[in-house]
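Undergrad: Below you'll find the structure I mean.
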């Protein structure tokens, strides 16, 4: 019976990597492929091409690797929502809070921009964690390839840590929570949704899972990362 080959998985990843950054991602792919080989029922196969993969075969490793790198290459930049704003909201703002029509139109656009940014924060958070933890054995499961898991880590004894990342403590619906029930999946969130006198600040960086501690993760550092990433990936405006 064929067995999973770390060497073959790495060879496949390196054949797809197109720059220095992607080459450094090869070890993460190997860890992901090994995890899914050992736990095939935890693969989130959202397309037919990912169903029933045999990760002892080079071709199937290539299918997984292409999906993995494709997801990593996707640029996470805020995009305006395509939903049509409810005009009654503007009517209510004018009559309830005495805003003028022109101000309401401005707020409407700013609200859409705010939602676009809010939807993007979680993706940038995962990218930030990957940038800080990749060289320490953590694998970012970008592309939603593992059910309810965003990061995995294997310790020196071969024990796996499964971690789900949330931007806020209230940003999880009941179905997502149910998937984690009865599993060993841990959860960490970045910010609290409500203020409290019992804690200092509104962020949760002091409560990182133990294997993620000691790598300089912080709100200030995340802020710096996000600014640099958005600046580097900002689309050029047409002249």
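Each value in this text was obtained by applying a stated rule to the coordinates, not by laboratory testing. The model shown is predicted, which means the values in this text are computed figures rather than measured ones. Because the Cβ atoms are built from the backbone with ideal geometry, glycine has one as well, and the counts that use them run over all protein chains shown.
Undergrad: Of the peptides 75-86, 149-160, how do they stack up when ordered by the mean number of other Cβ atoms within 10 Å, highest first?
TA: Highest-to-lowest ranking by the protection proxy: 149-160, 75-86.
Undergrad: Using a Gaussian network for the chain with springs between C-alpha atoms less than 10 Å apart, which of these wobbles most: 60, 98, 21?
TA: Residue with maximal mean-square fluctuation among 60, 98, 21: 98.
Undergrad: Under a 10 Å cutoff between Cα atoms, tell me which one of 26, 228, 17 has the largest fluctuation in the Gaussian network model of the chain.
TA: Top of the fluctuation ranking is 228.
Undergrad: Rounded to the nearest 5, what is the percent of antiparallel bridges among the DSSP beta bridges in the chain? Please list the in-between numbers first.
TA: Values: 9 of 14 bridges.
Given both bridge residues lie in the chain, the antiparallel proportion sits at roughly 65 percent.
Undergrad: Then there's this: Could you work out the relative contact order of the chain? I mean the mean sequence separation of Cα pairs under 8 Å and 6+ apart, divided by the number of residues, in percent.
TA: 15 percent
Undergrad: Turning to a different aspect of this structure: Could you tell me whether the stretch 66-149 comes out rounded, prolate or oblate from its Cα gyration tensor? Rule is a ≥ b ≥ c as square roots of the eigenvalues, rounded for a/c under 1.5, then prolate if a/b exceeds b/c, otherwise oblate.
TA: Note, shape of the stretch 66-149 comes out prolate.
Undergrad: Also: List, largest first, the extents of the alpha carbons of the stretch 30-99 along their principal axes, each in whole Å.
TA: Principal extents (largest minus smallest coordinate, Cα): 66, 24, 21 Å.
Undergrad: Between residue 100 and residue 157, what length comes free when the chain is fully extended (0.36 nm per residue of separation minus the Cα-Cα distance, one decimal in nm)?
TA: Values: separation 57, 0.36 × 57 = 20.52 nm, distance 6.45 nm.
The span from residue 100 to residue 157 would gain 14.1 nm if fully extended.
Undergrad: Apply 1/(1 + (r/R0)^6) to the Cβ-Cβ distance of residue 11 and residue 136, taking R0 = 22 Å, and write down the FRET efficiency to the nearest 0.05.
TA: Once rounded, the FRET efficiency stands at 0.45.
Undergrad: Can you give the relative contact order of the stretch 118-239 as a percent, counting alpha carbon pairs under 8 Å and 6+ residues apart?
TA: 19 percent
Undergrad: Kindly provide the Kirkwood hydrodynamic radius of the stretch 118-239 in Å, to one decimal, from all pairs of distinct alpha carbon atoms.
TA: 15.8 Å
Undergrad: Determine the relative contact order of the stretch 1-73: mean sequence separation of Cα pairs under 8 Å and six or more apart, normalised by residue count, in whole percent. Before the final figure, lay out each step's value.
TA: On the way: 55 pairs, mean separation 28.8, N = 73.
Rounded, it is 39 percent for the stretch 1-73.
Undergrad: Calculate the translational D of the stretch 8-57 in whole µm² s⁻¹ from Stokes-Einstein, where the hydrodynamic radius comes from the Kirkwood formula applied to all Cα pairs, the temperature is 20 °C and the viscosity 1.002 mPa s.
TA: 184 µm²/s
Undergrad: Ranked from highest to lowest mean number of other Cβ atoms within 10 Å per residue, what is the order of the peptides 200-208, 115-123?
TA: Top of the packing list down: 115-123, 200-208.
Undergrad: Most fluctuating residue of 50, 25, 124 in a GNM of the chain with Cα springs under 10 Å: which is it?
TA: Largest GNM mean-square fluctuation: 50.
Undergrad: Tell me the label-point distance for the pair residue 66, residue 230, using the 7 Å Cα-to-Cβ offset, in nm and rounded to one decimal.
TA: Placing both labels 7 Å along Cα→Cβ, they lie 3.5 nm apart.
Undergrad: How are the alpha carbon pair distances in the stretch 82-122 distributed across 5 Å bins from zero to the largest one, expressed in percent?
TA: Distribution as computed: 6, 23, 27, 20, 14, 8, 3, 0 percent.
Undergrad: Could you work out the Rg to Rh ratio of the chain, with Rh taken as the Kirkwood radius (inverse of the mean 1/r over all Cα pairs)? Could the numbers behind the result be given before it?
TA: Working: Rg = 20.9 Å, Rh = 20.3 Å.
Computed over Cα atoms, the ratio is 1.03.
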